[in-house]
Each structure stands twice: as C-alpha cells, then as structure tokens.
1. Just to verify a result, which residue in the stretch 73-104, among those that are over 20 Å from residue 54 (Cβ atoms) and touching a Lys or Arg at 6+ places or on another chain (Cβ under 9 Å), is nearest to the ligand (Cβ to nearest atom)?
2. Would you check if residue 56 is more than 8 Å from the ligand (Cβ to nearest atom) and over 18 Å from the mean Cα position of the chain (by Cα)?
3. Scan the stretch 29-50 and tell me whether some residue there is assigned to a loop (DSSP other than H, G, I, E, B) and more than 13 Å from the ligand (Cβ to nearest atom).
4. Inside the stretch 93-107, can you point out the residues that are surrounded by 13 or more Cβ atoms within 10 Å (Cβ to Cβ) and either part of a loop (DSSP other than H, G, I, E, B) or not small (Gly, Ala, Ser) (or both)?
5. Condition first: among the small types (Gly, Ala, Ser) and in contact (Cβ under 8 Å) with a residue 60 or more places away in the chain. Now tell me which residues in the stretch 1-47 satisfy that.
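Rule-based calculations on the coordinates, nothing more; no lab input. In this text, all values refer to a predicted model and were calculated from it rather than measured experimentally. So basically every Cβ, Gly included, is an ideal-geometry build from the backbone, and we count neighbours across all protein chains shown.
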Amino acid sequence: MTHAHITSWLITIVLFFVAVSLLRSGSSKAKIVQMVLRLFYILTIITGLLLLHSIASISILYIVKTIAGLWLIGAMEMVLISMKKEKSAKAAWIQWIIAFALALFLGLSLPLGFDVF
Ligand code: HEM
C-alpha cells in the first residue's frame, strides 16, 4: 500500500505543476487537468487512510502526518483558486511549501515503506 500511496501523491504533485503552468499560459486544458488532479487527491487520501488503517498503534506523529497530507492538498486547491481569480497566491504557496516539507519528512521518518530520516 505504501507504493500505491507514493505513486498516487507523486502523480498528484506532477499534475498540480502541470495545472499551474497551464493556468499561467491561460490554456483551456487547465480545467481537464484540474479534474484529473481532484481524482488523484481522492486516491491519495484513500491510500493514506488505508495505510493508517493498517497500523496497529497510531502515534501522534501519524496524526500530524495525516494533517500535513490533507493540508498540502488544501494548499494546492488554494494556489489554483487564487490563480484562477487572479489574486496573489503567495500565502497559498507558503502553506504549500511548509505542508509539503512536513508530509515528506514525517512520511519518510515514520516506519512504513522507505525510512530515510
Ligand atoms: C499529497 C499529499 C501527501 C504526500 C506528499 C504524502 C507523502 C508521504 C510519504 C513521503 C510517505 C512515506 C512513504 C514511505 O515511507 O515509503 C507517506 C506515508 C504515509 N502517508 Fe502520506 N502523503 C500525502 C497525503 C496523505 C494523506 C492525505 C494521508 C492520510 C489520509 C496520508 C497518510 C500516510 C500514512 C499513514 C503513511 C505511512 C507512514 C509511515 O511511513 O509509517 N498521506 N506519505
């Protein structure tokens, strides 16, 4: 399940940057990419929840990891919505960076799958 989770969030991140660049260039394809991106949000959440379900004793770090993952998805939506409304996306980008660093660091330091940190 860790591999499904990693595949799913990696595709999510790639699609997010594709959507950002399409929105920047004003392409009408941005809408389609955003729809597929939302599907991958759901897949990432489902695989993350399945990982949580597979763990016998959940520590506070797992809860923080889950919140960071959900926060990152929220931040991606905020960036795209701010860009669409042609408002400053700075605050959303700052949240994106913090949530991404937290999700990556906690995910990789928790024991399942790769244990880098
Ligand atoms: C786009 C958002 C997300 C990113 C970038 C992300 C990133 C990661 C990474 C890097 C790992 C470690 C994989 C490994 O060690 O092999 C991981 C594991 C995990 N993720 Fe996520 N994740 C995201 C969303 C979520 C969500 C929404 C949830 C919960 C609903 C979640 C729950 C988990 C759990 C429970 C683990 C297992 C932790 C462990 O290694 O013991 N993730 N995630």
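1. 102
2. Criteria met by residue 56.
3. yes
4. Hits for the stretch 93-107 are 93, 95, 96, 98, 100, 102, 104, 105, 106.
5. Within the stretch 1-47, 19 is the sole residue that qualifies.
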